[in-house]
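Okay, so here's the structure we're looking at.
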Amino acid sequence: MAVSEAASRHGEHLVPNTRSKALLAEVKIGSEIVALAFPQTYVNNSGQALRGLTKKYPIASPEDLLVIHDELDLPPGVVRVKKGGGVAGHNGLKSIVALYGSSDFVRIRIGIGRPIASGAIVDYVLAAPPPKEREMLALGVGQAADAVEEIIVNGLEAAMNRFNVR
């Protein structure tokens, strides 16, 4: 949703790109042309879409790759920005690290919280959020799109200062 929001803000929509196994839009943010992509693979295979995308859009440095993902360890809707780190059991991140060969990319994390009842995390992540949390998640989606713009226009440090102090 955050990738779609970022594209929409710049007058574009994500469209299927079969070569990369992703929905894709090219937008201009600040002075940069940016490829926004949403994998159409299972989340556990997100790296496959990245592999296809990097053929057309080479990544010069790890800071040129921004990955937006859900984060169990943040409350619903809370957005945080960081560079590098572990995968914390997130299979989509594992796939990206395995195929990209590094974990030093930039992450925009949107909190989804943890399930209250002890149960399978997979069921929690794949289920529709409760109505109370939907509004918080919608705000987080907007903030994640803001974070994309902030990183591209003002840099990673500015984005971390803006989004990590709340």
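Values in this text are rule-based calculations from the coordinates and carry no lab data. Remember, predicted model here, so these are calculated numbers, not experimental data. Reconstructed Cβ throughout: ideal geometry from the backbone, glycine too, with neighbour counts over all protein chains shown.
Points to keep in mind about this one:
- Across all C-alpha atoms in the chain, the radius of gyration and Dmax reach 15.3, 47 Å.
- Shown for the stretch 72-166 is the translational diffusion coefficient from the Stokes-Einstein equation, using the Kirkwood radius over Cα pairs, a temperature of 10 °C and a viscosity of 1.306 mPa s: 110 µm²/s.
- The slack in the chain from Glu135 to Val15, taken as 0.36 nm per residue of separation less the alpha-carbon distance, amounts to 40.6 nm.
- Rg followed by Dmax, in Å, when the stretch 125-166 is reduced to its Cα trace: 12.8, 35
- Straight-line reach from Lys83: taking Cα to Cα under 22 Å and skipping same-chain neighbours fewer than 8 places apart, the lysines in range are Lys94.
- Only DSSP H runs of four or more residues enter the estimate; each adds -39500 (n - 2.57), and after division by the residues of the chain the mean residue ellipticity at 222 nm equals -12500 deg cm²/dmol.
- Highest-fluctuation residue, Gly142, Gly86, Gly47 considered, GNM on the chain with Cα pairs under 10 Å: Gly86
- Our estimate of slack between Ala117 and Leu99, defined as 0.36 nm per intervening residue step minus the Cα-Cα distance, is 3.1 nm.
- Cα-based Rg and Dmax for the stretch 1-53, where Dmax is the largest Cα-Cα distance (Å): 11.0, 33
- In this calculation the C-beta distance from Asn164 to Tyr42 is compared with R0 = 25 Å, giving a FRET efficiency of 0.25.
- Size of electric dipole in the chain: Cβ of Lys, Arg +1 and of Asp, Glu -1, about Cα centre, debye, nearest 20: 320 debye
- For Ala144, net neighbour charge (Lys/Arg +1, Asp/Glu -1) across residues whose Cβ lies under 9 Å away: -1
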